[in-house]
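Report on one structure; see the data block that follows.
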Amino acid sequence: MKLGIPHGEVEAFACPVTFTVDVIGGKWKSLILFHLMSGTRRFNELRRLMPEVTQRMLTLQLRELEADNIITREIYREVPPKVEYSLTALGLTLVPLISAMRDWGAAHEQVIVARRQALRGDSGDEA
């Protein structure tokens, strides 16, 4: 988890793109942010929306986003305990970026999937 700036990290993030990818990169963080764009979500809601993610990995990714002040975690003292996640003000600044990623994917998915299938020799008819 990135709770401090280790020695040499300043040099490693000389490129803003590298830093941004460090904050929101990976398979799950951008999906978490996408789902939080529509509002507050509970942990199990996020699990249902991303069935491929393990509970441990989701917890880890949520903690990293929380440590970077991208999301906030609200704990309600009730039985059973309720925990909700939402975007912070800083997290909301990522909405245009996540939206642009969604739009780009929608616009180019078919072409790229077809290209990947052609390179593998798949016909795409078997599924």
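Taken together, the values in this text are just the output of simple stated rules run on the coordinates, not laboratory data. From a predicted model like this one, the values you see are computed outputs, not experimental measurements. Here Cβ is always computed from backbone atoms with ideal geometry, including for glycine, and neighbour counts include all displayed protein chains.
For the chain, the longest stretch holding no trypsin sites (Lys or Arg not before Pro) located in a DSSP loop with at most 13 other Cβ atoms within 10 Å is which?
With trypsin sites (Lys or Arg not before Pro) excluded where exposed in loops, the chain gives 78-127 as its longest stretch.
How long are the semi-axes of the equivalent ellipsoid of the range 9-92, taking √(5λ) for every eigenvalue λ of the Cα gyration tensor, in whole Å from largest down? Intermediate values should be presented prior to the final figure.
On the way: eigenvalues 122, 39, 26 Å².
For the range 9-92, the semi-axes come out at 25, 14, 11 Å.
Give me, ordered by chain and number, the residues 5 or more places off ILE71 or on other chains with an amide H under 5 Å from its own placed amide H.
Excluding prolines and chain starts, which carry no amide H, the hits are GLU66, THR88.
Once you've got the GNM for the chain with C-alpha springs shorter than 10 Å, pick whichever of ALA100, ALA14, ALA114 has the biggest mean-square fluctuation.
It is ALA114.
Please compute the length gained on full extension between ALA89 and PHE19, using 0.36 nm multiplied by the number of residues separating them and subtracting their Cα-Cα distance.
On the way: separation 70, 0.36 × 70 = 25.20 nm, distance 1.85 nm.
Contour length minus the Cα-Cα distance gives 23.3 nm.
I need to check one value: relative contact order of the range 7-127, counting alpha carbon pairs closer than 8 Å and at least 6 residues apart, in percent.
Relative contact order, the range 7-127: 23 percent.
If we count GluC sites (Glu not before Pro) as exposed when they sit in a DSSP loop and have at most 14 other beta carbons within 10 Å, what is the longest stretch of the chain that avoids them all? Each step should come with its number before you reach the end.
Details: sites that count: GLU52, GLU78, GLU126.
Counting only loop sites that pass the neighbour cut-off, the longest clear stretch is 1-51.
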